[in-house]
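Visitor: Please read through the structure below; I'll follow up with questions.
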Amino acid sequence: MFDHKAILDKAVDDGVINSDQRWKLAPYFEGGIEAAQTAELDVSLDAPRDLGLAKQIEDSEAPRFIRGFHDVLITIGLVIALSGLSALTNILVVIVGAWVLAEILVKRQRLALPAVALTLIYAGSALFTVGVYSEQFIEGYSVELKILIVTACSIALLIPFYWRFRVPISLAAMITSGLVLAFALTLYVVSRLININDVFTNAPFIFNAIGFIAAAILFAIAMRFDLKDRYRQKRWSDVAFWLHLITAPLLLYSFVSIILYQNAGALWWSATPQITDALIVVVCVLGMMMVGLVIDRRAFVTSGLISLIVAATVIFENTSMLWGNTTSIALLIVGLLVLSFGVGWNLLRRLLLRVMPSWIFQAVPPVS
């Protein structure tokens, strides 16, 4: 006789199903369809704690990020320990320490949240180290060439980390670094072709345009990972999650920068924003939200919230709608908008996908 409990537990560990599905399937093995239907309706304290009311389709974006407070406790400990190590020694020792901890917590124990934290610490420390130790050698170089050298060295440090530990966020960081490398190389070539030493400062429109193309390419790569795992049951979607988290603000920033002809590196509200600028930003942010709904990625909803709040404030300040503190009104409206998206995510997706072409409907995650 098969041990159905062990089979279901193994399926959860392998990521084939999640814990919610595991408890929903268990009654079918143990007591047939009637027991399963009873379990679906059981919301008492005796019911399994993972048997929530949320449908699995609503968890389709959930990455393997945290599996319990044990992960949180371990992550707090390693962050504090590596912070103390950094204060007592130097950044090179932190890199070694992050690798050693990853051997224990990631390679052996496969802890989710510590894997993310260690990857971020390792990547950040590597980037900082390359920047500090290469400063004396690249002093006097153009901005494009400096980015090129630092990014290339950072990728060289990220490759062995991903090869060893296979953490999705490390692959996402490596892909992003590779695109930054291509971005810097393109800037360098363009600067030589148009005979401008610093494209960042002297040709901001060109810089922003190339940046938008790079962000669009990164979005295409993220979608490639998503399309390979429509039901988001494998690690492809975990990599896509991190790529979308990086891509969304880059797309919004570069696109708004192109439209408003703003200087590279400057935020659209850094000068005195006009109501026209604010309206353009609102349209761009809402467009990003629609994209997020279609592909079922909430990062596209959250990436422009600050811009949306500032834009709403500017609009209220430049119209006769002065009911009180304009910032407070903007916060209230944006908060209600986000709540509406969060609560009605599936309904909004269903309505939007109905007007989408069939090839899009069949490629993105299904809606309940």
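The values are calculated or read from the model by the stated rules, or taken from the named source; none is laboratory data. Source: prediction; values computed, not measured. When we count neighbours, we look across all protein chains shown, and the Cβ atoms used for this are built from the backbone with ideal geometry, even at glycine. To get the accessible areas, we keep the full protein, side chains included, count just its heavy atoms, and leave off ligands, DNA and RNA. Shrake-Rupley method; radii C 1.70, N 1.55, O 1.52, S 1.80 Å.
Visitor: Residue check, Phe128 against (1) under 21 Å from Val93 (Cα atoms); (2) in contact with an Asp or Glu (Cβ under 9 Å, 6 or more places away or on another chain), all met but one. Which one?
Guide: (2)
Visitor: Okay, moving on. For the stretch 314-340: of the residues being open to solvent by less than 20 Å² (accessible area, probe 1.4 Å) and touching a residue at least 24 places away in the same chain (Cβ under 8 Å), which is nearest to Leu251 (Cα to Cα)?
Guide: Val334
Visitor: What are the residues in the stretch 140-174 that are within 17 Å of Val106 (Cα to Cα), without any contact (Cβ under 8 Å) to a residue 60 or more places away in the chain and touching a Phe, Trp or Tyr at 6+ places or on another chain (Cβ under 6 Å), if any?
Guide: The answer is Ser170, and nothing else.
Visitor: Could you go through the stretch 227-234 and let me know if any residue there is under 22 Å from Leu267 (Cβ atoms), touching a helix residue (DSSP H, G or I) at 6+ places or on another chain (Cβ under 9 Å) and charged (D, E, K, R).
Guide: Checked the stretch 227-234: no residue is under 22 Å from Leu267 (Cβ atoms), touching a helix residue (DSSP H, G or I) at 6+ places or on another chain (Cβ under 9 Å) and charged (D, E, K, R).
Visitor: Out of the stretch 341-350, which residues are part of a helix (DSSP H, G or I) and either free of Cβ contacts under 8 Å to residues at least 60 places away in the same chain or within 19 Å of Val281 (Cα to Cα) (or both)?
Guide: Phe341, Gly342, Val343, Leu347, Leu348, Arg349, Arg350
Visitor: Checking the structure you have, find out if any residue of the stretch 286-301 is surrounded by 15 or more Cβ atoms within 10 Å (Cβ to Cβ) and farther than 21 Å from Val364 by Cα.
Guide: There is no residue in the stretch 286-301 that is surrounded by 15 or more Cβ atoms within 10 Å (Cβ to Cβ) and farther than 21 Å from Val364 by Cα.
Visitor: Among the residues of the stretch 266-277, is any under 17 Å from Leu250 (Cα atoms) and more than 23 Å from the chain's Cα centre (by Cα)?
Guide: Yes, because at least one residue in the stretch 266-277 is under 17 Å from Leu250 (Cα atoms) and more than 23 Å from the chain's Cα centre (by Cα).
Visitor: Mind counting the residues in the stretch 187-220 that are open to solvent by less than 30 Å² (accessible area, probe 1.4 Å) and on the phi > 0 side of the Ramachandran plot?
Guide: 0
Visitor: For the list (1) at pLDDT 90 or above; (2) charged (D, E, K, R); (3) crowded, with 18+ Cβ neighbours inside 10 Å, I need the number of the one condition that Arg232 fails.
Guide: Exception for Arg232: condition (1).
Visitor: Among (1) in a helix (DSSP H, G or I); (2) open to solvent by 30 Å² or more (accessible area, probe 1.4 Å); (3) over 22 Å from Ile246 (Cα atoms), where does Met356 come up short?
Guide: Against the list (1) in a helix (DSSP H, G or I); (2) open to solvent by 30 Å² or more (accessible area, probe 1.4 Å); (3) over 22 Å from Ile246 (Cα atoms), Met356 comes up short only on (1).
Visitor: Could you please tell me which pairs satisfy a Cβ distance under 8 Å, a separation of 6+ or placement on different chains, a first residue in the stretch 221-243 that is without any contact (Cβ under 8 Å) to a residue 40 or more places away in the chain, and a second residue that is of a type in the set (S, T, N, Q) and open to solvent by less than 90 Å² (accessible area, probe 1.4 Å)?
Guide: Ala222/Thr247; Phe225/Ser237; Asp229/Ser237
Visitor: If you don't mind, there's one more thing I want to ask. For the stretch 287-313, which positions are touching a residue at least 60 places away in the same chain (Cβ under 8 Å) and part of a helix (DSSP H, G or I)?
Guide: Met290, Val294, Ile295
Visitor: Of everything in the stretch 247-272 that's at pLDDT 80 or above and closer than 17 Å to Val314 by Cα, which residue is least open to solvent (accessible area, probe 1.4 Å)?
Guide: Here the answer is Val256.
Visitor: Among the residues of the stretch 271-286, write down those that are in a helix (DSSP H, G or I) and small (Gly, Ala, Ser).
Guide: Ala278
Visitor: Kindly list the number of the only condition in (1) under 30 Å from Asp226 (Cα atoms); (2) without any contact (Cβ under 8 Å) to a residue 24 or more places away in the chain that fails for Cys284.
Guide: It fails just one condition, (2).
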